[in-house]
1. How would you order 118-128, 281-291, 26-36, 457-467 from highest to lowest mean count of nearby Cβ atoms within 10 Å?
2. Please give the peptides 80-86, 298-304 ranked by average Cβ packing (other Cβ atoms within 10 Å per residue), highest first, as a rough proxy for protection.
3. For region 415-476, rounded, prolate or oblate, judged on the Cα gyration tensor with a ≥ b ≥ c (square roots of eigenvalues), a/c < 1.5 rounded, else prolate if a/b > b/c?
4. Going by a ≥ b ≥ c, the root eigenvalues of the Cα gyration tensor, does region 263-485 fall in the rounded group (a/c under 1.5), the prolate group (a/b larger than b/c) or the oblate group?
5. What distance in nm separates the simple spin-label points at K14 and S419, each placed 7 Å from Cα in the Cβ direction?
6. Under the 0.36 nm per residue contour assumption, what length would be gained going from the current alpha-carbon distance of I269 and K193 to full extension?
7. Among the lysines in region 342-428, how many pairs, 8 or more places apart or on different chains, have alpha carbons under 23 Å apart?
8. Would you mind getting me the FRET efficiency between S103 and D429? Use the beta-carbon distance for r and R0 = 56 Å, nearest 0.05.
Amino acid sequence: MKIMVANPGLENTKEALDKIQIANEKNGPFETVFLLGQNKEDTSYDLKDTNTILVTNQLKNGGTTRKSSVIILHGFGIMKLASGLVVGYITLSKNSLQQEKKSILEYFKASKEFIDVLVTNIGSKSVASHLQYRVNGNSIIDEVMKHCKPQYHLTYDADRSYHDMKPFCWGETSSDSQITRYYNLPSYSPITKSKWIVAFSIEPGKDFNEINDYKNELGTNPYLLKPALKRDRSGIEQNAHTKKTKIDSTTCHFCFSNPNVEDQMIVAIAKHSYLTLAKGPLTVPKGDMIFSGHALITPINHVAKIDKSLDNELSKEIELFESRVAKMNYKLFDCSTVVFEIQSDKAIHFHKQVIPVPKYLITKFERALDRQVHINSERGNCKLEFEKFDGLDNEEYRKIVGRKDTNYLQFTIYETDTSKATIYISSFDITERLDLQFGRRTLAFVLNLPKRVQWNSPICQQSKEQELKEAQLYQKSFKNFDFTLE
């Protein structure tokens, strides 16, 4: 079901409600709209064609009340909606929260309900520390969060800016643990223009992990961080979080200097780059193609981005690899080829994914791309707007990829072995969250393989013997197209 969450505030309430209604009509209808924060007694919060829940810390008595068709949640409790969505809420002042600590913890720990959405007016200490809030959170919220592990945690605390976090899991691996998503929404203001409204899809009673394939895009769980000690300039020890492990060429999965590199999957090695099979392939053997066919083209050197100027040898060599693979896919297996890449300053080691698509399915690509852009927007990821170009030599396209400071996603479609490549490219803001599985999700829809979105899911796993056998079969088919043998 589709959910919208907003904080209309007290100062521009009518304007905010009008915007919420427009969003509901344009992008909905939403099953439920949550309105967070303080409310005006003389204002109607009824919204057309949706269920409205007002979560407020303004009322003195706790519980659930109704005003017209609006459900008002205040104090603390758990409510199960007719849709099956279970909402937990804690909306108390700091003093009341402390006074009610025992009752709150006993109440939530005694509940057998799986809480889908937890709404609190005050955030947790762990998140406040992790995001370096200007205001402190409360440890009671930490305890409730650790027990409930909701799909979503929504707050509207005193920090006046928008915050969110990457989804995070509660165990050592995402495959066997609940995943949570966090948002803090400030009140609507036409002056600050801070984000104050979000939307997402949710299935009541289901683990977030079952619904959203975020396994490769997880962030740090602030509730599981172990504080380390560091000294400030005065020499006093303070808490600090462990820094991210730096990945260099000796630990990178794509670098030959890594002693654990998967060399049994390599198909061909050129001067600057190499062709290898993808681990946990998206595609499966089909028709005359008796191997999966999902390949990667990777620079030999440890580089995050590549220079796409026309005279760059690495770029030209990679394009030669992809065009030769496209010829093989079409001539031998009657398949079109889709190449997906991400050029990002935050990348670890650049690579292109090269995926065979039966030519009768390639017409689904644009529809699949539009669909994934819409889903991407709903999930609050960075904004993507794709432009379409014909040919890698298109002047406008060359201008985009020629700018070294540009970060972008790109699909290249080789429909036949002789047709010009069709390019779909979108730049993105490096400071915003990027769905690293965007390409794989898009093509999983084209190929009707929804269970193979994640490379490390059990259905995609192969033994080393299977990987070696596939590499040998791929190498045999590619032999007559392999320029490294010329």
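Each reported figure results from applying straightforward, stated rules to the coordinates on display, with no laboratory input. As the structure is a computational prediction, the values presented were derived from the model and not from experiment. Glycine also receives a Cβ, built like all others from the backbone with ideal geometry; neighbour counts cover every protein chain displayed.
1. In descending order of packing, they fall as 118-128, 26-36, 281-291, 457-467.
2. The densest-packed peptide leads the list: 298-304, 80-86.
3. Since a/c reaches 1.5 but b/c is at least a/b, the shape of region 415-476 is classed as oblate.
4. Rounded, because the longest to shortest axis ratio a/c is under 1.5.
5. 5.5
6. Taking 0.36 nm per residue and subtracting the Cα distance, the gain is 22.2 nm.
7. Count of close lysine pairs: 20.
8. According to the calculation, E is roughly 0.80.
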